[in-house]
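Asker: I'd like to ask you about the structure that follows.
The values are calculated or read from the model by the stated rules, or taken from the named source; none is laboratory data. Quick caveat, the model's predicted, so the values are computed rather than measured. Cβ atoms come from the backbone with ideal geometry, glycine included; neighbour counts cover every protein chain shown.
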Amino acid sequence: MKFGVLVFPGSNCDHDAYWTLKNVAHQPATFLWHESHDLENCDAIIVPGGFAYGDYLRTGAIAKFSPVMESVKKFAASGGLVLGICNGFQIIAESGLLPGALMRNAGLKYVCKNADVRVEATDTPFTNACKEGEVLTIPIGHMDGNYYCDDATLAELERTNRVVFRYCTPDGRVTPEANPNGSLENIAGICNEGRNVLGMMPHPERSGEAILGCADGFKIFQSMVNVGVNALAAR
């Protein structure tokens, strides 16, 4: 399964994602420059964390106009897998691939620490290696991770089981104290209606192997690889 990792001016987690894919998941991967329309026949796209275009105007607001995002939107519309991590979540939300917006953290402070998140949905290409209700420890590092949407959108997300991750306590309780950024309903990640696009604020590439202190994040990438393996087996 070939992965493409987008690179914007200001990306700083692109190499982390690339390393995890190449050296831990043992999958072919390539970097995709923001000025290119060519996705190089990739089977999945990673929109990584960082500060695309310096986060000028608003996080993701400039990146959404990049040539590569035009191709990513078409790719997603055709059913291609797209994972947006942290700044990548912000970019794909700004691009209209996911509903809602990522606002400044409650308290207006940058938050950088390990976070516990509960897996709410396992019927996605990004969580099939997880168990429903499983608690994963995955690092966060953001200033604008406060997810917000209107009441109608939230109701639709809940009705269609598209809230994929929620911040929680280590034993899986969703509480205000477990919410690191003020995110609505402790939301840490959501998917689109087709379930082929996921945005999440935690960084799975920063917990992709044991040497980093925790390997829980690798389950996200393993889930995506499983999709490719199953697709090949079905041919």
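Asker: Among the charged types (D, E, K, R) and over 17 Å from the mean Cα position of the chain (by Cα) - does that describe any residue in segment 194-213?
Answerer: yes
Asker: While we're here: Considering segment 54-78 alone, what residues qualify as being within 24 Å of ASN196 (Cβ to Cβ) and not hydrophobic (A, V, I, L, M, F, W, C)?
Answerer: Scanning segment 54-78 gives THR59, GLY60, LYS64, SER66, PRO67, GLU70, SER71, LYS73, LYS74, SER78.
Asker: When ASP144 is evaluated against the numbered criteria (1) in a helix (DSSP H, G or I); (2) under 20 Å from GLY50 (Cβ atoms); (3) of a type in the set (Asp, Glu), which criterion, by number, is the only one it fails?
Answerer: (1)
Asker: Sticking with this structure for a sec: Just checking, which of GLY10, GLY50 is surrounded by 15 or more Cβ atoms within 10 Å (Cβ to Cβ), over 15 Å from the mean Cα position of the chain (by Cα) and at positive phi?
Answerer: Being surrounded by 15 or more Cβ atoms within 10 Å (Cβ to Cβ), over 15 Å from the mean Cα position of the chain (by Cα) and at positive phi holds for just one of GLY10, GLY50, which is GLY10.
Asker: Look through GLY100, GLY79 and report the one residue that is touching a residue at least 60 places away in the same chain (Cβ under 8 Å) and either basic (Lys, Arg) or surrounded by fewer than 17 Cβ atoms within 10 Å (Cβ to Cβ) (or both).
Answerer: Selected residue: GLY79, the only one of GLY100, GLY79 that is touching a residue at least 60 places away in the same chain (Cβ under 8 Å) and either basic (Lys, Arg) or surrounded by fewer than 17 Cβ atoms within 10 Å (Cβ to Cβ) (or both).
Asker: While we're here: Filtering segment 175-193 down to residues that are among the β-branched types (Val, Ile, Thr) and surrounded by 20 or more Cβ atoms within 10 Å (Cβ to Cβ), which residue is nearest to the chain's Cα centre (by Cα)?
Answerer: Taking the candidates together, the pick is ILE190.
Asker: Something else now. Can you go through SER71, SER66 and tell me which one is modelled with pLDDT of 95 or more, touching a Phe, Trp or Tyr at 6+ places or on another chain (Cβ under 8 Å), of a type in the set (Ser, Thr, Tyr) and surrounded by fewer than 24 Cβ atoms within 10 Å (Cβ to Cβ)?
Answerer: SER66
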